[in-house]
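A.B. asks: Take this structure first; my questions come after.
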Amino acid sequence: MSILIKNGRIVTASDDYIADIYIEGETIAAIGLNLEHQADEIIDATGKIVFPGAIDPHVHLEMPFMGTFSSDTYETGTLAALHGGTTMVIDFVLQTQGKSLRHALDQWQGRSNGNCYGDYSFHMAVTDFNEDTRKEIQQMIEEEGINSFKTFMAYKGALMIDDGQMVQLMKEVKKHGGMVTVHATNGDMIDSLIAKHKSEGKLSPLYHYLSQPEVTEAEASGRFADMLEYAGATGYIVHMTCEGALNQIRQKTLRNQKVYVETCIQYLIIDASLYEKDFEGAKWVMSPPLREKKDQEALWAGLNQGLVQVVATDHCPFMWEQKLMGKDDFSKIPNGHPAIENRVELLYSEGVNKGKISVNKFVEVLCTNPAKIFGMYPKKGCIAIGSDADIVIFDPNEKHSISAKTHHMNVDYSGYEGWECTGKCKQVLLRGKVAIDNGEVQIEKGYGQFVKRGKVKEVI
Ligand code: URP
Ligand code: ZN
Ligand code: ZN
């Protein structure tokens with residue numbers, strides 16, 4: 001199978017030019033002006049932007065969490081991702097405390113194998129670091145191609161590890177060429193604020209927000225960076241939301257400490273005023289919570305300053321019925337919100353169209369940096385000869401609005417209902433096949449492959 005994409009405006013993290021792309025099999029074979037290759041299929045991309053398939057390095061599909069499962073399966077989640085221009089996701093395996101990493105990986109493979117439309121990989125969440133877990137780290141990196149190890153500084157009793165475990169894990173992971181990532185919030189402070197609010201009868205979603213003030217994230221982010229320095233390692237902070245946490249990292253970079261920072265689309269464009277909508281605020285109950293306008297400004301600036309390298313989603317959807325588990329107690333609302341399908345179009349519309357970031361920065365933070373940081377570049381994350389032909393053909397002028405009535409995620413509301421976007425993914429190619437053509441699915445379930453990742457190199 002061969003495809004020739006004609007006359008598109010090719011945008012990468014560094015370039016912006018008009019050319020043709022010739023695809024043979026699963027990879028890009030040629031890029032140039034007026035290519036004359038004979039192809040099985042020709043796509044006219046005149047007037048369209050052509051960029052690499054986006055990678056979402058932070059999603060939770062079919063994840064057991066807070067007494068239920070996130071509502072997108074590997075099938076529905078990876079398909080919704082493709083509709084929105086995301087050709088690959090990295091999901092999280094969660095170790096059960098007292099059990100092995102292998103045990104958890106078997107469970108996650110059981111749910112995902114053969115069920116994905118889009119390509120995928122796993123981070124391994126280490127929730128119980130001990131001598132047995134230590135022995136599994138090298139095997140995860142070298143045999144399973146899982147090079148990133150997620151940690152939680154919150155969710156005590158289920159997911160949180162202590163600082164002693166954290167530094168030991170950092171050293172072990174670094175020894176074998178991997179990287180530790182973190183949910184950086186101070187779990188003990190948050191738990192005591194939750195208990196305080198509940199004892200005062202303050203039970204609405206607003207108190208989810210008020211139980212996780214900015215300081216809980218800033219303190220943990222700074223502490224994580226200090227532990228990295230002690231361990232001589234590089235790390236990655238997931239879903240950063242606020243100015244205080246970003247300033248902690250800004251400070252640590254002054255002594256040349258490398259800490260990668262991910263934010264998520266929601267923290268850039270929606271804010272904590274949504275928690276004032278009584279129980280409807282449960283739609284946006286996530287951890288950390290939405291913040292203030294000044295935090296959005298700090299994060300947009302952080303992208304341009306190169307302090308924030310990635311925009312992900314932390315896609316963790318729950319049906320409204322599931323959110324109702326916390327109707328009388330905010331601490332029982334399953335944490336998370338849906339965005340896997342909306343990230344690319346929202347970032348273009350709100351970021352590029354509104355002049356907050358350049359179109360090259362858009363590609364860098366959605367495609368290239370996730371591939372580089374997590375050991376998949378240049379197979380993924382770029383348009384180059386030899387790279388996987390994961391390509392989005394995007395109409396920068398098409399207007400549309402987001403709605404649960406038309407989205408493909410398995411969730412019965414949208415956190416962005418009625419949001420007007422300019423710019424739409426028209427065709428999405430995954431490893432040389434047109435996966436989505438004007439909203440129509442062209443591939444079968446199971447086309448998505450597990451991507452084994454290489455050792456982490458300092459590339460950014
Ligand atoms: O609210 C969130 N973020 N849910 C998913 C789990 C996590 O902490 O990332
Ligand atoms: Zn988290
Ligand atoms: Zn998450």
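The values are calculated or read from the model by the stated rules, or taken from the named source; none is laboratory data. The structure displayed is predicted, hence computed values, not measured ones. Because the Cβ atoms are built from the backbone with ideal geometry, glycine has one as well, and the counts that use them run over all protein chains shown. In case anyone asks, the SASA skips ligands and DNA or RNA and just uses the protein heavy atoms, side chains included. Shrake-Rupley method; radii C 1.70, N 1.55, O 1.52, S 1.80 Å.
Conditions (1) open to solvent by 40 Å² or more (accessible area, probe 1.4 Å); (2) aliphatic (A, V, I, L, M), marked per residue:
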site	(1), (2)
Met66	yes, yes
Gly85	no, no
Arg102	yes, no
Arg111	yes, no
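A.B. asks: Now for a different question. Can you tell me which condition Tyr117 does not meet? The list is (1) in contact with a helix residue (DSSP H, G or I) (Cβ under 6 Å, 6 or more places away or on another chain); (2) surrounded by fewer than 24 Cβ atoms within 10 Å (Cβ to Cβ); (3) over 28 Å from Ala225 (Cβ atoms), and all the others hold.
C.D. replies: Condition (2) is where Tyr117 drops out.
A.B. asks: From the residues in the range 190-202 that are more than 24 Å from Phe149 (Cα to Cα) and in contact with a helix residue (DSSP H, G or I) (Cβ under 6 Å, 6 or more places away or on another chain), which one is farthest from ligand 3 (Cβ to nearest atom)?
C.D. replies: Selected residue: His197.
Condition check ((1) without any contact (Cβ under 8 Å) to a residue 60 or more places away in the chain; (2) open to solvent by 10 Å² or more (accessible area, probe 1.4 Å); (3) of a type outside the set (Phe, Trp, Tyr)) across all residues:
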site	(1), (2), (3)
Val311	yes, no, yes
Pro317	no, no, yes
Asp329	no, yes, yes
Pro334	no, no, yes
Glu341	no, yes, yes
Tyr348	no, yes, no
Ser387	no, no, yes
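Yes/no per residue for (1) of a type outside the set (S, T, N, Q); (2) within 16 Å of ligand 2 (Cβ to nearest atom):
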residue	(1), (2)
Ala225	yes, no
Ala231	yes, no
Ile237	yes, yes
Ser273	no, no
Phe279	yes, no
Val285	yes, yes
Asp295	yes, no
Cys316	yes, yes
Trp320	yes, no
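A.B. asks: Please count how many residues of the range 191-223 are within 14 Å of ligand 2 (Cβ to nearest atom) and either among the basic types (Lys, Arg) or at pLDDT below 95 (or both).
C.D. replies: Of the residues in that region, 0 qualify.
A.B. asks: List pairs: first residue in the range 147-173 and farther than 13 Å from Asn130 by Cβ, second residue among the charged types (D, E, K, R) and in a loop (DSSP other than H, G, I, E, B) anywhere in the structure, Cβ distance under 8 angstrom, at least six positions apart or on different chains.
C.D. replies: Note: pairs meeting the criteria are Asn147/Arg453; Asn147/Lys455; Ser148/Arg453.
A.B. asks: Another question, if that's okay. Can you tell which of Tyr230, Tyr209 is surrounded by 20 or more Cβ atoms within 10 Å (Cβ to Cβ), part of a helix (DSSP H, G or I) and either within 14 Å of ligand 1 (Cβ to nearest atom) or more than 20 Å from the chain's Cα centre (by Cα) (or both)?
C.D. replies: Tyr209
A.B. asks: Another question, then. Within the range 31-53, is there a residue that is within 30 Å of His239 (Cα to Cα), at pLDDT 95 or above and either open to solvent by 40 Å² or more (accessible area, probe 1.4 Å) or not hydrophobic (A, V, I, L, M, F, W, C) (or both)?
C.D. replies: yes
A.B. asks: From the list Glu262, Glu217, pick out the single residue that is in contact with a Ser or Thr (Cβ under 6 Å, 6 or more places away or on another chain), within 16 Å of ligand 3 (Cβ to nearest atom) and open to solvent by less than 10 Å² (accessible area, probe 1.4 Å).
C.D. replies: Going through Glu262, Glu217 in turn, just one is in contact with a Ser or Thr (Cβ under 6 Å, 6 or more places away or on another chain), within 16 Å of ligand 3 (Cβ to nearest atom) and open to solvent by less than 10 Å² (accessible area, probe 1.4 Å): Glu217.
A.B. asks: Please count how many residues of the range 239-259 are within 16 Å of ligand 3 (Cβ to nearest atom) and among the small types (Gly, Ala, Ser).
C.D. replies: Of the residues in that region, 1 qualify.
A.B. asks: Something else: Evaluate the range 448-459: report whether one residue or more is open to solvent by 40 Å² or more (accessible area, probe 1.4 Å), in contact (Cβ under 8 Å) with a residue 24 or more places away in the chain and of a type in the set (Asp, Glu).
C.D. replies: Yes, the range 448-459 contains a residue that is open to solvent by 40 Å² or more (accessible area, probe 1.4 Å), in contact (Cβ under 8 Å) with a residue 24 or more places away in the chain and of a type in the set (Asp, Glu).
A.B. asks: Go through the range 363-379 and give me each residue that's outside any loop (DSSP other than H, G, I, E, B) and either surrounded by fewer than 24 Cβ atoms within 10 Å (Cβ to Cβ) or basic (Lys, Arg) (or both).
C.D. replies: Val365, Lys372 - these are the residues of the range 363-379 that are outside any loop (DSSP other than H, G, I, E, B) and either surrounded by fewer than 24 Cβ atoms within 10 Å (Cβ to Cβ) or basic (Lys, Arg) (or both).
A.B. asks: While we're looking at this one, here's another question. For the range 258-276: of the residues being touching a residue at least 40 places away in the same chain (Cβ under 8 Å) and of a type in the set (D, E, K, R), which is farthest from Glu364 (Cα to Cα)?
C.D. replies: Glu276
A.B. asks: Restricting the search to the range 322-337, which residues are basic (Lys, Arg) and either farther than 18 Å from Leu274 by Cβ or within 13 Å of ligand 1 (Cβ to nearest atom) (or both)?
C.D. replies: Of everything in the range 322-337, those that are basic (Lys, Arg) and either farther than 18 Å from Leu274 by Cβ or within 13 Å of ligand 1 (Cβ to nearest atom) (or both) turn out to be Lys323, Lys332.
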